[in-house]
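Derivation of every value follows stated rules applied to the coordinates shown; laboratory data play no part. Keep in mind the model is a prediction, meaning the values are calculated, not measured. Cβ atoms come from the backbone with ideal geometry, glycine included; neighbour counts cover every protein chain shown.
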Amino acid sequence: MRFRQVTLCAAVAAATALMPVAAATAESESHGSLTVTPSTIAPGGEVDLRVSVCSGRQAVGTSEAFVSQAQFAPAADGGLFAQARIRSDAQARSYDIWVNCKDSSGQASGRVTVVHGGNQHPDHQATPHAPVHAGGGGTAQLADRQATEQGPGTRHAVIGLALAAVAAVAVAGRSVRRRRRTD
């Protein structure tokens, strides 16, 4: 009986001794900073992200301000680099950015400030590049295609001639039938 009590006390003492080691391991994960350029931007703009805390070759950056996750890859000058587009409906405020290294336990964080009006970087204005592919059942693609076409082309002329030929044959056939009836 006494042997069980000693064993139980030894197990509790060993667990208590190991707890600070586990907590210290969790705290020792490397945490670095994130460089965001430009740090102030308008909705629809694009920011450059750089981080050097990751020892691996990949990382993922997330933020409420981003259209989608930023996929980091090795930069030519060292560290990891990514670009992220700011949502066009982002509110004017500061947003947190979190980066998690894929190949290691490193993490980084930073901030980007979204502004409306004239305070944004001039190279990063939100301008549309193509028709918006939303709603209308694909009419944006049709409108884009029609904008590049200038009037009827060869294809339209051939189709028109074919329809005119069919109409001429139909009229000629009807005329022949009428003559046969009257003869």
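Peptide packing: for 40-48, 85-93, 167-175, the average count of neighbouring Cβ atoms within 10 Å per residue gives the ranking 40-48, 85-93, 167-175, highest mean first. Converting phi to 3J(HN,Hα) with the Karplus coefficients 6.51, -1.76 and 1.60 and the offset θ = phi - 60°, the range 161-175 yields 5, 5, 5, 5, 5, 5, 5, 5, 5, 5, 5, 4, x, 5, 5 Hz in sequence order, with x at every glycine or proline.
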